[in-house]
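Heads up, the thing below is written out as C-alpha cells.
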Amino acid sequence: MSVSGHWYLIHTKPRQEAVALENLERQGYRCFLPLMRREKVARGRLRLVDEPLFPRYLFIWLESSLHSQSWTPIRSTRGVTRLVTFGKEPARVPAVLIEGIERQQEALAQAPQRVFAPGDGVLIVDGPFAGIEAIYQESDGERRVMVLIELMNRQVKVPLEPGQLTPRPG
C-alpha cells in the first residue's frame, strides 16, 4: 500500500454494497467490503449467507498524488450514494482499522452469527402449534429444528421448519 493515499468511506444505496463494489473495482479503484457469515431463515429453511459487516458502507483506497485517479466518478457510480464527508472533507479511515477488520474476516466467516441458539425463547408462528412459546434446542440441518414445548405438564421435543419460528419478543 502506498503512503500517498488513504482509506475513505463510501455510503451505498440500500442492499447495493456488492453492486457498488463491483462497479468501483471495474473503474480501477481499490475497495474493501467486509463481510460476515450469518444464518438466516429463507423460504422456511436455515441458510448461511454472507452479509456486509457494515450495511450500506464500504471502504475505498484513494491516492492523494497529482497523478492519481479522479475522485469525481465515485458519486455517479451505480450503487454508490456518496463519499462520506465531515463537512467538506472526505472522512479518512485509519489504515490500522482496515488492517484489523481484514484480520478478523476469517474469524467472522468461520463463526456464523446464528438466528437461534440453544436455550433461546421462540414463538411458533405457523402450523398446529402457532401462538405457543417454546425453547429452541437444535438444528438438524437446514430443513428442521427441534424445540421444547410444554404439553400436558411435560416438555416435549417437537420438530419444526425454521420458518415456523420467530424469536420470542421481550
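Listed by first and then second residue, the pairs linking a residue in segment 124-151 that is touching a residue at least 24 places away in the same chain (Cβ under 8 Å) to a residue that is surrounded by fewer than 16 Cβ atoms within 10 Å (Cβ to Cβ) and among the β-branched types (V, I, T), with Cβ atoms under 8 Å apart and 6 or more places separating them unless they lie on different chains, are V125/T166; I149/V156.
Residues are listed down the side, and each one gets a yes or a no for (1) in a loop (DSSP other than H, G, I, E, B); (2) assigned by TED's automatic domain parsing to the domain that holds E161:
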| position | (1), (2) |
| --- | --- |
| P73 | no, no |
| T77 | yes, no |
| R82 | no, no |
| V96 | no, no |
| E99 | no, no |
| Q104 | no, no |
| V115 | yes, no |
| D126 | yes, yes |
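May I ask you to verify whether Q105 is polar (S, T, N, Q), farther than 27 Å from L48 by Cβ and surrounded by 10 or more Cβ atoms within 10 Å (Cβ to Cβ)? Walk me through how you get there before you give the answer.
Values: polar (S, T, N, Q): yes; farther than 27 Å from L48 by Cβ: no; surrounded by 10 or more Cβ atoms within 10 Å (Cβ to Cβ): yes.
No; evaluated as a whole, the condition is false for this residue.
Just to verify a result, which residue in segment 1-14, among those that are modelled with pLDDT of 95 or more and part of a loop (DSSP other than H, G, I, E, B), is nearest to E63 (Cα to Cα)? Taking the candidates together, the pick is K13.
The values are calculated or read from the model by the stated rules, or taken from the named source; none is laboratory data. The structure presented is a predicted model; accordingly, all values stated were derived computationally and were not measured. Glycine gets a Cβ as well: all are built from the backbone with ideal geometry, and neighbour counts include every protein chain shown.
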